[in-house]
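The structure appears below as C-alpha cells.
The values are calculated or read from the model by the stated rules, or taken from the named source; none is laboratory data. Only a predicted model underlies this, so the values are computations on that prediction, with no experimental measurement involved. Don't worry about glycine lacking a Cβ; one is built from the backbone with ideal geometry, like all the others, and counts go over all protein chains shown.
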Amino acid sequence: MEKALVIHPERCTGCHACEMICSLTHDGQCNLNLSRIGIMKTNGGGTNENIPIVCQQCHDPLCADVCVMGAISRNEKTGALLVNEDLCVGCKTCVIACPLGGVLYHYMKGCAMKCDLCGGDPECVKSCLYGALEYLPMDEWGWKERLKGAENLSRIFQVVYQ
C-alpha cells in the first residue's frame, strides 16, 4: 500500500528535532544544512507559523524529468524518489525545478539530496513530539482529510444558519 509523509503545519513548534535526526541519520551529524526536511518560518496572516518543507514524492516528478543524468529514480517498494549520488553531477537543475523546495544541494558531497523516506520508516516522524509529521497509508490520509473538510463545513453551517 502506498504511503505518504503528511505534514500538519498547525502542530509544528519549530523545534527542529526532525531536521536534526534527518541529518544525523543520513550524514552522521546534527547540521540543519544537511537535513532533507526544513522548517520554514512564515508570517502568514500576521502570525508566525512553522511549516515543515520536505519532498512530496510527486507522482510526476519534475526533478526526475529535468535530470539529464538520470540520477533521480523511484524506489518501487517505498515510492520514494532517490538520488543516485554516483550519477548526480551537482548541476542543481532538479533543485530549481522542484516547485515545493523539496530537493536541496548537499554542499559537502556536491550533489542533490532529498527525502528518501528512510527506507519506508521516516526518522523525522518518530522524532516529532507534536504530531506535525505522520507517515500514513494514502487511504487513511484521504479519510482524515475528508473528515477535516466535513468538520470545517459543519462549523461554517453552524455560523451561517444560527
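Tabulated results
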item	result
Residues satisfying the stated conditions in segment 57-72, i.e. part of a loop (DSSP other than H, G, I, E, B), touching a Leu at 6+ places or on another chain (Cβ under 9 Å) and more than 18 Å from GLU2 (Cβ to Cβ)	CYS67, MET69, GLY70, ALA71
Close pairs from segment 125-146: first on the phi > 0 side of the Ramachandran plot, partner at pLDDT 80 or above, Cβ under 7 Å, at least 6 apart	GLY131/HIS8; GLY131/ARG11
All positions within segment 7-29 that are more than 19 Å from TYR130 (Cβ to Cβ) and assigned to a loop (DSSP other than H, G, I, E, B)	GLY28, GLN29
Segment 63-79, residues that are surrounded by 18 or more Cβ atoms within 10 Å (Cβ to Cβ) and aliphatic (A, V, I, L, M)	ALA64, ALA71, ILE72
Any hit, segment 35-42, residues being among the charged types (D, E, K, R), under 20 Å from ALA112 (Cβ atoms) and in contact with a helix residue (DSSP H, G or I) (Cβ under 8 Å, 6 or more places away or on another chain)	yes
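To keep it simple, each residue is scored yes or no on (1) more than 21 Å from ALA4 (Cα to Cα); (2) in contact with a strand residue (DSSP E or B) (Cβ under 9 Å, 6 or more places away or on another chain); (3) part of a helix (DSSP H, G or I); (4) at pLDDT 75 or above.
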site: LEU136; (1), (2), (3), (4): no, yes, no, yes
site: LYS144; (1), (2), (3), (4): no, yes, yes, no
site: ALA150; (1), (2), (3), (4): yes, no, yes, no
site: GLN162; (1), (2), (3), (4): yes, no, no, no
